[in-house]
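Scroll down for the structure; my scribbles are underneath it.
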Amino acid sequence: MVNNFFALTAGLAATASAFDCSGSYFSMFNRKGLSMSAQRLDPALEPGVQSAHLHNFDGGNGIALDTTFASLDASTCTTARVKADNSLYWRPALYWNGNGTGFYRVTEQIKMYYKYQDGAGAAEVSEFPENFQMIAGDQLKRSDDGKNPAGIRWACHEPQGTANGNTKDPIFTKGGFPTGFTGCNYGLASELTFPSCWNGEKIDPKNPSAHTAYPNGSGKGTEACPEGFRKARFPTIFIEFWYDIKQFNGQYKATDNPWVLSNGDSTGFGMHGDFKNGWKKGVLAKAVSPTGGCRCGCGCGPEELKQCFGADGINDEKDENFAKCSAKPLFAGEDNLVVQKLPGCNPIQAGPGRAEVKTGPDCASSAPAPGNNNNGGAASSSAAAPSAPASSSSKAAAPSTKPTSTKKDGQMSIQTQNAGNKQPAVSAKAQDANGNVVYVTQTVVSYQTVAARRHRRHSHRNRMH
Ligand SMILES: *[C@@H]1O[C@H](CO)[C@@H](O)[C@H](O)[C@H]1NC(C)=O
Ligand SMILES: *[C@@H]1O[C@H](CO)[C@@H](O)[C@H](O)[C@H]1NC(C)=O
């Protein structure tokens, strides 16, 4: 068996002072290979109808035209690593169209981090209420507009990182697709951070970021949230998307940009992600509790995750139910791996101005654009928000808080390692645009098998199976 992801070593961590693989967070890869489903649905922004563009979905298979907490709760399987997590995680699909013969959908594997750290200690956070959903990113963005609260970035990872004057690995671009390569030895990756402060309202599809904000203050729990968004503080979901682009290696020039997202975005700035809660009640609350929470950090292997979620709580590729978990697309053909045209009305719009939402038989009409969902804080509080409570069962009580360190998490460590080398190749640092602490700690070697979720204590052996 060949493991294609490998955890970084404790020894490597020790060589890089900025690197810390521990803290009040846990992380895990979802299932390898195809996402749970790929279809034109958007349970948060376009409930009940076919959505504007195709999304790749991971999580519970209780997805429907009208996806609810109840339908997710009734999922018969999930592609999330934790069995109790029937949440939906979705994002536009990435296509390669580098040789003019069609759009080739790129498979990806996502690594999800649940973080509840404030300064030096655990944040006081609540689990998500039923039916809570949110978005990170701005699908109409096509250039750097100076706002990127979700910290969306792309990278073509190379083994050397940026050490020794290597400029091939840009580590992370400021939002858009990187260029300058014809293959990425450690994978093409993007990442985003979800907001974690909530004003108690439902999502407004016309202004889908209005009910959430990013913590930007000092203090614990809701105290760190902008005013107006202190109804609840949730764990911060940070996701890395690892794209398997090997099959396209060498088929495009370093100056080309052969990538396009399913929303017609050929820049990468319009990357976005959505979350709809489907955690079994109580499980996440326990996993993020300041005492006794799950704290295996970036090195959560099966054993650590079992300690957190129970011996039978973790999905394994050996389980058929996990390996085959899927939901049949409601709209036939749109999930084909090769399409001649992006599903829906998604002409390629390369900016730099904001994209227009196209509709009509020839996709020639412009529809009203949804609100800029790039709001990063209380600035969004003036936006119209529905008055209905997000959930009748919402019990997201504001935790009592105490002021604490105002230390900002500003350092990001990206560590790559040569697959054939027991010694760390390099450690590279980059600033997280969002001020969130972010550890990219596993690298993609190939995508044939799933993550080697090895224990940090053992990872220095750097075994390849
Ligand atoms: C275009 O690229 C795809 C994906 O790698 C490949 O399968 C196909 O054969 C290529 N077509 C041509 C004409 O080069
Ligand atoms: C946090 O963001 C809000 C809204 O943008 C702003 O009003 C506030 O001053 C910010 N607080 C800090 C500590 O930066």
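All of the numbers you see were taken from the coordinates with simple rules; none came from a lab. Because the structure is predicted, anything quoted here is derived from the model rather than measured. All Cβ positions, even for glycine, are placed from backbone atoms using ideal geometry, and neighbour counts span all protein chains on display.
Points worth noting:
- Cut-off 20 Å (backbone N to label point 7 Å along Cα→Cβ of Asn99), residues of the stretch 255-288: 255-261
- The slack between Cys363 and Ala70, meaning 0.36 nm per residue of separation minus the straight C-alpha distance, is 102.0 nm.
- Glu227-Asp316 FRET efficiency (beta carbon distance; Förster radius 51 Å; 0.05 resolution): 0.70
- What the phi angles of the stretch 24-32 give under the Karplus curve with 6.51, -1.76 and 1.60, with θ = phi - 60°, is a coupling list of 7, 7, 9, 8, 6, 7, 7, 5, 6 Hz, glycine and proline written as x.
- The ellipsoid equivalent to the alpha-carbon distribution of the stretch 183-284 has semi-axes of 35, 15, 14 angstrom, derived from the gyration tensor eigenvalues as √(5λ) and listed largest first.
- Remark on the stretch 245-327: Rg and Dmax equal 19.3, 52 Å (Cα only).
- Cα gyration tensor shape for the stretch 25-111, rounded if a/c is under 1.5, else prolate or oblate: oblate
- Links that overshoot a 28 Å alpha carbon limit, given the list Lys231/Lys280; Lys280/Lys306; Lys115/Lys253: Lys115/Lys253
- Highest to lowest packing among 110-118, 66-74, scored as the average C-beta count within 10 Å: 110-118, 66-74
- Cα-Cα pairs of the stretch 220-259 separated by more than 15 Å (percent): 64
- Figure legend: label point modelled 7 angstrom from the Cα of Gln251 along Cα→Cβ; residues of the stretch 82-98 with amide N under 13 Å from it are 95-98.
- Computed on the stretch 171-221, the Cα convex hull volume stands at 152 Å³ per residue.
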